[in-house]
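**Student:** First, the structure itself, so that you have it in front of you.
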Amino acid sequence: MSTAATIQPPGSTSTPCAPLLKEPITAAQAADLAQLLKALADPTRLRLVSMVAVHEDGEACVCELTEPLGLTQPTISHHLKVLIDAGILTRDKRGVWAYYALVPRALDALAAVLTTHP
């Protein structure tokens with residue numbers, strides 16, 4: 001599987017994207033890429049991705065994310081769901097708490113699509 005395939009949102013039916021400067025992308029590929037970029041195009045979601053990625057063991061409980069952001073748990077959960085739906089984070093339910101982790105190489109794959117280097 002190519003690296004680009006990992007940036008497709010779950011349930012996507014389009015073929016993986018090549019770097020944008022290598023060849024034109026299809027309408028379906030553009031829609032998938034736009035979904036991923038929209039998920040990241042929010043300051044709170046960018047902070048969540050960063051907080052989860054640098055957290056001990058590479059995963060964080062939702063209970064650890066609310067206070068640093070100064071938002072309510074339902075608001076944080078909404079943002080986390082957007083990131084999961086885009087294929088950027090995973091969720092693991094343990095008892096009453098949910099733990100979130102970065103999908104391995106998801107951001108690397110997104111960077112590869114946007115690169116200007118061959």
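**Student:** Please go through the range 1-49 and pick out each residue that is over 24 Å from T116 (Cβ atoms) and at pLDDT 90 or above.
**Tutor:** Those that are over 24 Å from T116 (Cβ atoms) and at pLDDT 90 or above: D42, P43, T44, R45, R47, L48.
**Student:** Quick test of your reading of the structure: A60 fulfils all but one of (1) in contact (Cβ under 8 Å) with a residue 24 or more places away in the chain; (2) under 10 Å from the mean Cα position of the chain (by Cα). Name the failing condition by number.
**Tutor:** Only one criterion in (1) in contact (Cβ under 8 Å) with a residue 24 or more places away in the chain; (2) under 10 Å from the mean Cα position of the chain (by Cα) is unmet by A60, namely (2).
**Student:** Applying the selection to the range 85-97, what residues are surrounded by fewer than 18 Cβ atoms within 10 Å (Cβ to Cβ), among the hydrophobic types (A, V, I, L, M, F, W, C) and closer than 18 Å to G58 by Cβ?
**Tutor:** Within the range 85-97, just W97 meets the criteria.
**Student:** Test L36 against the criterion of being closer than 30 Å to E23 by Cβ, free of Cβ contacts under 8 Å to residues at least 60 places away in the same chain and surrounded by 12 or more Cβ atoms within 10 Å (Cβ to Cβ), and give yes or no.
**Tutor:** Spelling it out, it is not the case that L36 is closer than 30 Å to E23 by Cβ, free of Cβ contacts under 8 Å to residues at least 60 places away in the same chain and surrounded by 12 or more Cβ atoms within 10 Å (Cβ to Cβ).
The values are calculated or read from the model by the stated rules, or taken from the named source; none is laboratory data. Predicted, not measured: the structure shown is a model, and the values here were computed from it. Cβ coordinates were reconstructed from backbone atoms using ideal geometry, including for glycine residues, and neighbour counts include every protein chain displayed.
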